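Have a look at the structure below, then the notes.
The values are calculated or read from the model by the stated rules, or taken from the named source; none is laboratory data. What you are looking at is a predicted structure, and each value in this text was computed from that prediction instead of being measured. As a convention, Cβ positions derive from the backbone with ideal geometry for all residues, glycine included, and neighbour counts pool all protein chains shown. For accessibility, only protein heavy atoms count, side chains too; no ligands or nucleic acids. Shrake-Rupley method; radii C 1.70, N 1.55, O 1.52, S 1.80 Å.
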Amino acid sequence: MSDSAPVVWEKRADGVATVRIARPEALNALNLATRKALAEAFSALQDDPEVRCIVLIGDEKAFAAGADLKEFVEADTVEIMKRRSERYWQTVARTSQPVIAAIQGYALGGGLELAMICDIMVVGEGAQLGQPEVRVGIMPGAGGTQRLTRAVGKFHAMRLCLTGKPISGREAYEIGLASLVVPDGEVLDTALKMAAGIAKLPPLAVTTIKEAILQGENAPLETALTLERKAFHTLFATEDRREGMTAFIEKRKPDFKGR
Ligand code: CAA
């Protein structure tokens, strides 16, 4: 366990790790120190075979209210380029285990972009998700025009990015931006239960499914289908595949070893 603020992470006994953004005084705005701490947390967790699923959370008021505008206000183009803050998000994106974003309150700008790097989004009904960058004279710079468009299509993405107005967790679910919407008080429990369920599944199958979906998403369909088929063939080499099928036939619980 590490509790180096502004990010606190914890490994649980059930194969799940939680990573919490902890800057409540700034509604979890993502300053450079927070981005770096997030990348360090994900670096540590992605190499840990005991961690089968990660839940990324903020607090009740905010998942994250975007990039830290106080760190942006005096910056010019060269300064922003030199920060190379994309490298921190690349670390999160490279995580092989599934990552669930559990969202209560604000997920705005860079906060929503971070959530969209995750694999599953569980949102509270009253959450506020949006890309408000246009309102401060900039635009999304870490996926808000791209991952969002792939998730919800051109017309919702245009509305969100061009008006800067947030939508509720309920609407995010209805337009396909969230995997699941639940009452606000149930977000964390729901995400942790889902993560614990995933953590019990054979990890090689889990990480291979994640890889196939992410790699296939941006490839032509024929290429993506070939990639999927090859990955499917590969899983027949795992001990867990034999264990899973044998346990089903023998009507017992499987004992997956990650081999
Ligand atoms: N950056 C820095 N500080 C922020 C912040 C942000 N993005 N969002 C909130 N805060 C701070 C506020 O400055 C305030 O601090 P002080 O008390 O020291 O003044 C504290 O958090 C509480 O915020 P508010 O008083 O504003 O709370 P509210 O409930 O009245 O409003 C809000 C909440 C609607 C989210 C409002 O804070 C807001 O609009 N925040 C900015 C959201 C935004 O524009 N995000 C996008 C940033 S750009 C970006 O994200 C680009 C990118 O990554 C590429």
Got at least one residue in the range 106-129 being touching a Lys or Arg at 6+ places or on another chain (Cβ under 9 Å), assigned to a strand (DSSP E or B), within 19 Å of ASN31 (Cα to Cα) and small (Gly, Ala, Ser)? no
When the range 142-168 is checked residue by residue, the ones that are open to solvent by 30 Å² or more (accessible area, probe 1.4 Å) and either over 24 Å from ALA93 (Cβ atoms) or free of Cβ contacts under 8 Å to residues at least 24 places away in the same chain (or both) are THR145, GLN146, THR149, LYS154, PHE155, HIS156, MET158, ARG159, LEU162, THR163, LYS165, SER168
Taking ALA199, is it touching a Leu at 6+ places or on another chain (Cβ under 8 Å) and either at pLDDT below 95 or surrounded by 18 or more Cβ atoms within 10 Å (Cβ to Cβ) (or both)?
no
**Asked** Right, THR18: within 17 Å of the chain's Cα centre (by Cα), more than 11 Å from the ligand (Cβ to nearest atom), β-branched (Val, Ile, Thr) and part of a helix (DSSP H, G or I) or not?
**Response** no
Do we find that GLU86 is within 15 Å of the ligand (Cβ to nearest atom) and over 26 Å from ASP189 (Cα atoms) in this structure? yes
